[in-house]
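Visitor: Sharing a structure with you now.
The values are calculated or read from the model by the stated rules, or taken from the named source; none is laboratory data. Computed from a predicted structure; not experimentally measured. As a convention, Cβ positions derive from the backbone with ideal geometry for all residues, glycine included, and neighbour counts pool all protein chains shown.
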Amino acid sequence: MAAKIDSLVQVGHGCVVGEDNIICPNGPADRAILEKTVLRAGQVGHLGPLTIHDNAVIYAQSGIGGDVEAGAVMSGRLLSMAARLSTRDHPRSQTAGNCWRTCDN
């Protein structure tokens, strides 16, 4: 399956987008690497080059200050201050559902 990228997303120079990703509006910039099965919800920002590893979920309006480990579910102002959410909150939760509807339009 291919990555699902909303029509309003701009992917910056040097970015790598892996398989089965969902990327909602305002896309990755500045040499970001998104590995397989990453959900990057809307209005997520990041600082500098970084890697978001497999199966990570970044909730809307989060700020990423460094690499995101595999399977992480993150939400918050900066990754270093982010609230870790339990995996029961994860399985393609409402944020993912909203992103799918947005991306399908």
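Visitor: Give the number of residues within the stretch 39-61 that are part of a loop (DSSP other than H, G, I, E, B) and over 18 Å from Leu8 (Cα atoms).
Guide: 8
Visitor: Considering the stretch 21-60 alone, what residues qualify as being surrounded by 15 or more Cβ atoms within 10 Å (Cβ to Cβ) and at positive phi?
Guide: Asn26, Thr37, Asn55
Visitor: Also: Quick one: in the stretch 62-85, which of the residues that are touching a Gly at 6+ places or on another chain (Cβ under 8 Å) and in a helix (DSSP H, G or I) is modelled with the highest pLDDT?
Guide: Here the residue is Leu79.
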